[in-house]
Amino acid sequence: MAGGRGERFWPQSRQARPKHLLPIVGTQPMVTQTVARLEGLVPPEQVFILTNIEHVAAVRAACPNIPSEQIIGEPVGRDTAAAAALAALLVRRRDPAGVLALLPADAAIHNDAGFRASLGAAFATATKEDSILTIGVKPSYPATGYGYLRCGKKLGEQTGQPWFKVDKFVEKPNLATAEGYLAQGGYFWNVGMFITRASVLLAAFQQHAPAIAAGMEELDQRLTGGATLTETLAAVYPGLLKISVDYAVMEKATNVAVFEAAFDWDDVGEWPALVRHATADAAGNVIRGHAALYEARDNIVISEGGHLVALLGVQDLVVVQTPDATLVCPKSRAQDLKKLLQNVAAQPGGANWL
């Protein structure tokens, strides 16, 4: 699922070049890394990428090993519920007993072997269980920017990996609540990965989000009648409910279960997250590009195109320079970037910078 719009890593990330098309962590675009992580487990001919229609060409360039017809452009963004239902429909049309994994295209994962082990265990379980499986990451700190899962009783094991019933999805907590989750135990970060048979997921939509299920049936009928996927999506997709798959289905379903991740994971949700994935200098500065610093500590500096950024006597800043826009903000305010972009949009010609 590669449907981002390009806000949280502005000004490097733009609507025309969102986060999943950038090497935010590593040297390749995040979507390229996501596809490569599946090597040896899922062949390219069985990978679909759902993205915005305006990003199809860029995603094809970033993932040349994926068949071009399997990089599918949504005519309008409808959040993750519509994307999940569409993915399930496409898999069911190819194989009525098919199992699919819904994976965000922009997560940072370094332990690829552990990822494949967890995903393989979930695939094997999904072939024989009428469950919607997810992979939860054990919290390493009381994060307030992630949703959580509360796990219940153990349901079984697959290749030595236990899986548990999900008792509850919980929203992003405040700090005190997150600290309580860690102290109590039994909570995982909800990383938005779901593995199940396509038929099981579509049945869950039928039960919990019937309007979206009806839209999928219309899509199916049009495709069976000979319409192309592009024209079918253009006709049906704009009328679908805009809602996340968590709200539409997962929080209501009683057959959701979780494997604990055997790998590291980071959503890399804002500029300060780079500190967790980059080598800093002796003063704690993370630098990409050309920079000169004096008595400057714990800053993030990103510079493009040979431009020199110079910092003197400052600390805890994010400074991102691109050819047409520059961001300067305290690390502690990086989560307010979307609010700043409202002011950018209000400038004369503001759309040129978004």
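Tabulated values for the structure
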{"quantity": "Test: residue in the range 132-143 that is open to solvent by less than 50 Å² (accessible area, probe 1.4 Å), polar (S, T, N, Q) and assigned to a strand (DSSP E or B)", "calculated": "yes"}
{"quantity": "Pairs with Cβ under 7 Å, 6+ apart, first in the range 290-314 and closer than 13 Å to L327 by Cβ, second surrounded by 10 or more Cβ atoms within 10 Å (Cβ to Cβ) and among the hydroxyl-bearing types (S, T, Y)", "calculated": "E304/T322; V309/S303"}
{"quantity": "Elements of type strands (runs of 3 or more DSSP E) in the range 184-290, at least 1 residues being touching a helix residue (DSSP H, G or I) at 6+ places or on another chain (Cβ under 9 Å) and among the basic types (K, R)", "calculated": "187-197, 286-288"}
{"quantity": "Restricting the range 291-305 to residues that are assigned to a loop (DSSP other than H, G, I, E, B) and within 15 Å of Q12 (Cα to Cα), the residue that is farthest from the chain's Cα centre (by Cα)", "calculated": "G305"}
{"quantity": "Residues being open to solvent by less than 80 Å² (accessible area, probe 1.4 Å), over 24 Å from the mean Cα position of the chain (by Cα) and of a type outside the set (A, V, I, L, M) - total across the range 144-160", "calculated": "4"}
{"quantity": "Of residues in the range 7-26 being open to solvent by 10 Å² or more (accessible area, probe 1.4 Å), assigned to a loop (DSSP other than H, G, I, E, B) and not aliphatic (A, V, I, L, M), the one nearest to H55 (Cα to Cα)", "calculated": "Q15"}
{"quantity": "Residues that are closer than 18 Å to L102 by Cα and open to solvent by 70 Å² or more (accessible area, probe 1.4 Å), drawn from the range 207-233", "calculated": "none"}
{"quantity": "Of all residues in the range 27-38 being part of a loop (DSSP other than H, G, I, E, B) and in contact (Cβ under 8 Å) with a residue 40 or more places away in the chain, the one that is farthest from V319 (Cα to Cα)", "calculated": "L38"}
{"quantity": "Residues satisfying the stated conditions in the range 111-131, i.e. more than 15 Å from T196 (Cβ to Cβ), open to solvent by 20 Å² or more (accessible area, probe 1.4 Å) and either in a helix (DSSP H, G or I) or modelled with pLDDT under 95 (or both)", "calculated": "D112, A113, R116, A117"}
{"quantity": "Options V59, V42: the member that is touching a residue at least 40 places away in the same chain (Cβ under 8 Å) and either in a loop (DSSP other than H, G, I, E, B) or of a type in the set (G, A, S) (or both)", "calculated": "V42"}
{"quantity": "Test: residue in the range 334-353 that is open to solvent by 40 Å² or more (accessible area, probe 1.4 Å), part of a loop (DSSP other than H, G, I, E, B) and within 17 Å of Q12 (Cα to Cα)", "calculated": "no"}
{"quantity": "Residue check, V236 in contact (Cβ under 8 Å) with a residue 12 or more places away in the chain, open to solvent by less than 40 Å² (accessible area, probe 1.4 Å) and either polar (S, T, N, Q) or within 22 Å of T127 (Cβ to Cβ) (or both)", "calculated": "no"}
{"quantity": "Members of the range 290-310 found to be open to solvent by less than 70 Å² (accessible area, probe 1.4 Å), out of contact with any Lys or Arg (no Cβ under 6 Å at 6 or more places or on another chain) and within 30 Å of A143 (Cα to Cα), listed by number", "calculated": "A296, D298, N299, I300, V301, S303"}
{"quantity": "Answer residue from the range 320-333, given it is farther than 20 Å from N352 by Cα and in a strand (DSSP E or B) and is least open to solvent (accessible area, probe 1.4 Å) among those", "calculated": "C329"}
{"quantity": "Meets criteria (open to solvent by 10 Å² or more (accessible area, probe 1.4 Å) and free of Cβ contacts under 8 Å to residues at least 24 places away in the same chain) for R197", "calculated": "no"}
{"quantity": "Residue under evaluation S244, criteria (1) open to solvent by 60 Å² or more (accessible area, probe 1.4 Å); (2) of a type in the set (G, A, S); (3) touching a residue at least 60 places away in the same chain (Cβ under 8 Å), criterion not met", "calculated": "(1)"}
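The values are calculated or read from the model by the stated rules, or taken from the named source; none is laboratory data. Predicted model, so just to flag it, every value in this text is computed and none were measured. Don't worry about glycine lacking a Cβ; one is built from the backbone with ideal geometry, like all the others, and counts go over all protein chains shown. Ligands, DNA and RNA are excluded from the accessible area calculation, which covers all protein heavy atoms including side chains. Shrake-Rupley method; radii C 1.70, N 1.55, O 1.52, S 1.80 Å.
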